[in-house]
Amino acid sequence: METGYLLEEVCDKRTEKLFYGLPKTIYALDPNWIPHIRQDIEKLFDAKKNKLLKDGKAKRWVLINRDGQCIGRIAAFINKKLAYDFEQPTGGTGFFECIDDQLAANTLFDISKEWLESEGMEAMDGPINFGDKNQFWGLLVQNFKDPNSYGLNYNPSYYKDLFENYGFKTYYEQYVYFRDIRQKVEDVFARKAKLVLANYKVEVSDCSGKSVEQIAADFRTVYNGAWGGHDNFKEMSESASLKVAKSLKPIMDPEIMIFAYNEGKPIGFYINIPELNEIFRHIDGNLNWLGKLKFLYYKKVQKPKRMVGIVFGVVRQWHGKGIEGSMIMWFGQNKVPHLTYDDTILTWIGDFNPKMIRVATNLGTELYRTYITYRYLFDRNAPFERCKIVE
């Protein structure tokens, strides 16, 4: 079908400018939108910075209308470490932005599909990230009235129709929870926490005084112990955990990074960072030299009032014993009275993880935002299955 639209691959400074400039048009009248940091996105498509490009592939396109205006953008990628873990080899699509026009959206989805299909893929998930799941993952479908949190997607409500009208189906839902950090821990967790402390040699502490290397080692132990056996789970290496810890160093607040230990061995963590978008909203999405100066200034004069729980986990052998409540209770008693934060959001928990959903709701949280990760099977007659539940 002749659309009058022109697709251009992002391959030079001109097309990169269109790719990064489009969101300012899409969200021009939306006061809640805070742009993603350009450098966070750029490094994902830089082979020198993203090791997934050693074996994987990625492409980006922009969509131009008859008047020469950029009206859409999209990326497609293949993570070779995950693509073949599914019944159908599955690639990804993301960084989608588009005007409210189904034909324009279809043109973007089509180019992703065609390229992925040419590379041997039989399905695509989206909108997702070419990297870690803690950033740029899922389509926002509930709560468009608050500013977006750092690293979490934000989009117009009409995107849901654009995806579903094309044929994407829900692979899993993602839930973000909110909690006033000064509210009382629910009785069930308080009871379990007391039993844990009475019957096991469990200690809870923050990361004050700990080196980046120690934080990385403890994080890796809990991460690998908590998610072992999960569908598509890949163990975190020592180098990867150290990279995560070092990336957090400029923004981390050791007082809100909590670990639980049994006889000195880490068995749980509750890792929070300050809500960086309270600072980044002043930076216009670019951490160039000027953006860095603005970041340092606003970080000093405007300390965030919200923290973000970026990961919450307990080693599998300790599930159901109240370790979560122990960390929350310790935090509430020992840290909260001295902190300037008011509340926290827990970054997304998939509907495939009912145990962690129960943990979050039992902690007295309320559902704050809902996202959807979609899947599109290229064979339209193939049976569709949602993401498996974590046992």
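Laboratory data are not the source of any read-out in this text; all were calculated from the coordinates shown. Since the model is a prediction, treat every value here as computed from it, not as a measurement. As a convention, Cβ positions derive from the backbone with ideal geometry for all residues, glycine included, and neighbour counts pool all protein chains shown.
If R0 equals 25 Å, the separation of the Cβ atoms of Leu6 and Lys81 corresponds to a calculated FRET efficiency of about 0.15.
Taking every alpha-carbon pair under 8 Å whose residues sit at least 6 apart, the range 182-341 reaches a relative contact order of 33 percent. For Asp30, the shell of other residues with beta-carbons less than 15 Å away shows a net charge of -1, using +1 for Lys and Arg and -1 for Asp and Glu. Taking packing as the residue-averaged number of other Cβ atoms within 10 angstrom, the listed peptides 35-42, 266-273 run from highest to lowest as 266-273, 35-42. P(r) for the range 279-391, from all Cα pairs and a bin width of 10 Å, is 10, 28, 27, 23, 10, 2 %, short bins first. Placing R0 at 30 angstrom, the Cβ-Cβ distance between Ser211 and Tyr297 gives a FRET efficiency of 0.60 after rounding to 0.05.
Return the long-range amide H neighbours of Val390 (sequence gap of 5 or more, or a different chain), with a cut-off of under 5 Å between placed amide H atoms. Distant-sequence amide H within range of Val390: Asn353.
Reducing the range 222-299 and the range 39-68 to their Cα centroids gives an inter-centroid distance of 24 Å. A crude spin-label estimate for the pair Lys13 and Glu366, with each label 7 Å from Cα along the Cβ direction, gives 5.0 nm. Ranked by the mean number of other Cβ atoms within 10 Å of their residues, highest first, the peptides 247-254, 276-283, 124-131 come out as 124-131, 276-283, 247-254. Largest mean-square fluctuation among Trp33, Trp289, Trp115, in a Gaussian network model of the chain whose springs join Cα atoms under 10 Å apart, belongs to Trp289.
Cross-link pairs exceeding 30 Å between alpha carbons, from the set Lys54/Lys305; Lys24/Lys145; Lys80/Lys300; Lys17/Lys160: Lys54/Lys305; Lys80/Lys300.
With respect to the chain, whose longest principal axis is taken over its alpha-carbon atoms, helix 238-248 is tilted by about 90°. Peptides 89-96, 167-174 ranked from most to least packed by the mean count of surrounding Cβ atoms within 10 Å: 89-96, 167-174. Annotation for Gln88 and Tyr166: the two label points, set 7 Å from Cα along the Cα-Cβ direction, are 1.4 nm apart.
Kirkwood's formula applied to the C-alpha pairs of the chain gives a hydrodynamic radius of 22.2 angstrom.
Model label points for Leu29 and Arg182, set 7 angstrom from Cα along the Cα-to-Cβ axis, are 3.9 nm apart. Full extension of the chain between Lys243 and His338 gives 31.2 nm of extra length, using 0.36 nm per residue less the Cα-Cα distance. The charge dipole of the chain, taken about its Cα centre with unit charges on the Cβ of Lys, Arg, Asp and Glu (plus for the first two, minus for the last two), comes to roughly 1380 debye.
Between 0 and 90 degrees, the angle of helix 323-334 with respect to the longest Cα principal axis of the chain falls at about 70 degrees. From helices alone, the chain scores -9500 deg cm²/dmol at 222 nm; the rule is -39500 (n - 2.57) for each run of n ≥ 4 DSSP H residues, then divide by the residue total.
For the chain, the longest principal axis of the C-alpha atoms and the axis of helix 289-301 are separated by about 30°. Over the C-alpha trace of the range 6-172, radius of gyration and Dmax come out as 15.1, 43 angstrom.
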